[in-house]
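Peer 1: My structure is below; once you've seen it, I'll send some questions.
The values are calculated or read from the model by the stated rules, or taken from the named source; none is laboratory data. Treat the numbers as computed from the prediction; the structure is a model and nothing was measured. For neighbour counting, all protein chains shown are included, and Cβ atoms are generated from backbone atoms with ideal geometry for every residue, glycine included. SASA here: full protein model, heavy atoms, side chains in, ligands and nucleic acids out. Shrake-Rupley method; radii C 1.70, N 1.55, O 1.52, S 1.80 Å.
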Amino acid sequence: MAALLLGVACFLQLQAQPITVTDVVGREVTIPQPAKRVILGEGRQLITLSLLVPDPVAITAGWTGDFSKSGGLLYETYRKQFPALDNIPLIGTSGKETVSTEQIISLKPDLAIFGAGSHGPDAKSADIIRQLEAAGIPIVFIDFRLHPFKNTVPSMELLGKVLGREAQANAYVAFYNRRMNHIQGILARQQNLKRPKVYMEMIRGTAPPGSPGKGNLGEYIEFVGGNNIGTILPGEVGTLNMEYVISEQPDIYVATGIAKPGEDGLVIGQGISTYQTQESLANLIARPVVSPLNAIKEKKVYAMWHLFYDSPLNIAAVEALAKWTHPELFGKLQPHGVLKEINERFLAIPLKGVYFAELKK
């Protein structure tokens, strides 16, 4: 009995050890124990938590309201699986200017998880950072959006530590690195690799489409051996002049979207059928603004779920882009198969629907 009690005491002592991490913007942060009540600076990062925690809603003390707007039918799936989701307090709607530090402080979280660059509070939100730190609320910054290939692995490792889920984080990182290294190894063996031009439109309903620049999804395109025509943009994401796009005559066209049936844009994601995605994709490429492109005329047209742009699930998008950009090298890759493995091994809520599409010829 004494040995048992000693073992329990040692276990509890280990559990109570402070955790010190360095986040992706270089800040050293210490928390007394694994966080049980977290603030999400972007509500969509609930998907990230669900890679590590069986019930991510249970540890979410507050969040912004962006997931309800950008999550499509996946948001509804989360609501059905975790009814308590409806009771998560809002710290803001969508946009860092809507966030209330008073609300965050009142919720008494163990930790705030913000993106290095995001639609919510980020590394440039000096006032929010100052007020929360003054209230004794630690903040860690993660990043899947600005520079995903640099920061996805450190962000997952960081979350594993602060949430007390290191084994789960390490398993995902091993899976992620194995898939990435496979693609990188094949490309490294190619001499005089031709890099086809890729034009990507981030479709957001009736708003002007954006395109990735030197970061964000642009990194995916360059990594898989493509030539992202959006690298002329000054930031990670921007809007390209269509005269420039037409003058470049891209070889490949890729659309991203999050629309639900009946909405404008690319209908794709949770609960969506192949027919619905194909119909919306055909409507998109019929627009006069893109119909002159060679990629459209030659039916080198592809689509994927938009939220891959800000998620550790980005490995599936990388495999899709590799297959589309260099089918001679990566024709056997199956991005939906990658999602299947992620569903089975990691995600609390499986992704079921159409997340990638090639225009039917």
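Peer 1: Among the listed residues ALA282, ALA255, which satisfies the condition of being touching a residue at least 40 places away in the same chain (Cβ under 8 Å), hydrophobic (A, V, I, L, M, F, W, C) and in contact with a strand residue (DSSP E or B) (Cβ under 7 Å, 6 or more places away or on another chain)? First the steps, then the outcome.
Peer 2: On the way: ALA282 fails: in contact with a strand residue (DSSP E or B) (Cβ under 7 Å, 6 or more places away or on another chain).
Just a single option satisfies the conditions, and that option is ALA255.
Peer 1: Any residue in segment 163-178 that is under 17 Å from the mean Cα position of the chain (by Cα), without any contact (Cβ under 8 Å) to a residue 40 or more places away in the chain, under 30 Å from LEU52 (Cβ atoms) and surrounded by fewer than 22 Cβ atoms within 10 Å (Cβ to Cβ)?
Peer 2: So the first thing to find is which residues in segment 163-178 are under 17 Å from the mean Cα position of the chain (by Cα), and the list is 169, 172-173, 175-177.
When the remaining residues are screened for being without any contact (Cβ under 8 Å) to a residue 40 or more places away in the chain, the result is 173, 177.
When the remaining residues are screened for being under 30 Å from LEU52 (Cβ atoms), the result is 173, 177.
Remaining after also requiring surrounded by fewer than 22 Cβ atoms within 10 Å (Cβ to Cβ): 173, 177.
Yes, segment 163-178 has at least one match.
Peer 1: Could you please tell me which pairs satisfy a Cβ distance under 8 Å, a separation of 6+ or placement on different chains, a first residue in segment 120-134 that is touching a residue at least 24 places away in the same chain (Cβ under 8 Å) and of a type in the set (Gly, Ala, Ser), and a second residue that is in a helix (DSSP H, G or I) and crowded, with 21+ Cβ neighbours inside 10 Å?
Peer 2: Matching pairs, first to second residue: GLY120/ASP66.
Peer 1: Also, quick follow-up: Please specify each residue of segment 201-229 satisfying the condition of being under 21 Å from the mean Cα position of the chain (by Cα), part of a helix (DSSP H, G or I) and either of a type in the set (S, T, N, Q) or over 23 Å from ILE268 (Cα atoms) (or both).
Peer 2: GLU222, PHE223
Peer 1: Criterion first (in contact with an Asp or Glu (Cβ under 8 Å, 6 or more places away or on another chain), more than 20 Å from ASP310 (Cβ to Cβ) and either open to solvent by 10 Å² or more (accessible area, probe 1.4 Å) or of a type in the set (Gly, Ala, Ser) (or both)) does LYS214 satisfy it?
Peer 2: Details: in contact with an Asp or Glu (Cβ under 8 Å, 6 or more places away or on another chain): yes; more than 20 Å from ASP310 (Cβ to Cβ): no; either open to solvent by 10 Å² or more (accessible area, probe 1.4 Å) or of a type in the set (Gly, Ala, Ser) (or both): yes.
Considered against the rule, which asks whether it is in contact with an Asp or Glu (Cβ under 8 Å, 6 or more places away or on another chain), more than 20 Å from ASP310 (Cβ to Cβ) and either open to solvent by 10 Å² or more (accessible area, probe 1.4 Å) or of a type in the set (Gly, Ala, Ser) (or both), LYS214 comes out as no.
Peer 1: Out of the residues in segment 119-137 meeting the condition of being of a type outside the set (S, T, N, Q) and part of a helix (DSSP H, G or I), tell me which one is least open to solvent (accessible area, probe 1.4 Å).
Peer 2: Step one: of segment 119-137, the residues of a type outside the set (S, T, N, Q) are 119-124, 126-130, 132-137.
So of that shortlist, the ones also part of a helix (DSSP H, G or I) come out as 126-130, 132-134.
Values: ALA126: 65, ASP127: 94, ILE128: 21, ILE129: 25, ARG130: 138, LEU132: 0, GLU133: 95, ALA134: 91 Å².
Among them, the one singled out is LEU132.
Peer 1: Out of everything in segment 60-87 that is touching a helix residue (DSSP H, G or I) at 6+ places or on another chain (Cβ under 7 Å) and among the hydrophobic types (A, V, I, L, M, F, W, C), what residue ends up being nearest to PHE346 (Cα to Cα)? Walk me through it before giving the result.
Peer 2: First pass over segment 60-87, keeping only residues touching a helix residue (DSSP H, G or I) at 6+ places or on another chain (Cβ under 7 Å): 60, 62-68, 70-71, 75, 78-79, 82, 84-86.
Imposing the further condition that a residue be among the hydrophobic types (A, V, I, L, M, F, W, C) reduces the set to 63, 67, 82, 84-85.
Numbers: TRP63: 22, PHE67: 20, PHE82: 17, ALA84: 21, LEU85: 20 Å.
My answer is PHE82.
Residues are listed down the side, and each one gets a yes or a no for (1) in contact with a Leu (Cβ under 9 Å, 6 or more places away or on another chain); (2) within 17 Å of VAL198 (Cβ to Cβ):
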site: ILE221; (1), (2): yes, yes
site: TYR244; (1), (2): no, yes
site: PRO250; (1), (2): yes, yes
site: VAL267; (1), (2): yes, no
site: ILE272; (1), (2): yes, no
site: GLN276; (1), (2): no, no
site: ALA282; (1), (2): yes, no
site: TYR302; (1), (2): yes, yes
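Peer 1: Condition first: part of a loop (DSSP other than H, G, I, E, B), open to solvent by 10 Å² or more (accessible area, probe 1.4 Å) and over 27 Å from ASP66 (Cβ atoms). Now tell me which residues in segment 246-278 satisfy that.
Peer 2: Listed by number, the residues that qualify are GLN249, ASP251.
Peer 1: Right, something else. Assuming THR274 fulfils every condition listed in (1) touching a helix residue (DSSP H, G or I) at 6+ places or on another chain (Cβ under 7 Å); (2) farther than 25 Å from GLN45 by Cα; (3) polar (S, T, N, Q) apart from one, which condition is it?
Peer 2: The single condition THR274 does not satisfy is (1).
Peer 1: Six or more apart or on different chains, Cβ under 6 Å: which pairs go from a residue in segment 102-118 that's closer than 12 Å to ALA135 by Cα and open to solvent by 10 Å² or more (accessible area, probe 1.4 Å) to one that's basic (Lys, Arg) and modelled with pLDDT of 95 or more? Could you list them?
Peer 2: From residues that are closer than 12 Å to ALA135 by Cα and open to solvent by 10 Å² or more (accessible area, probe 1.4 Å), the pairs are PRO109/ARG37; ASP110/LYS36; ASP110/ARG37.
Peer 1: Go through (1) closer than 27 Å to LYS124 by Cα; (2) part of a helix (DSSP H, G or I) and name the single condition ILE91 misses.
Peer 2: Status for ILE91: all satisfied but (2).
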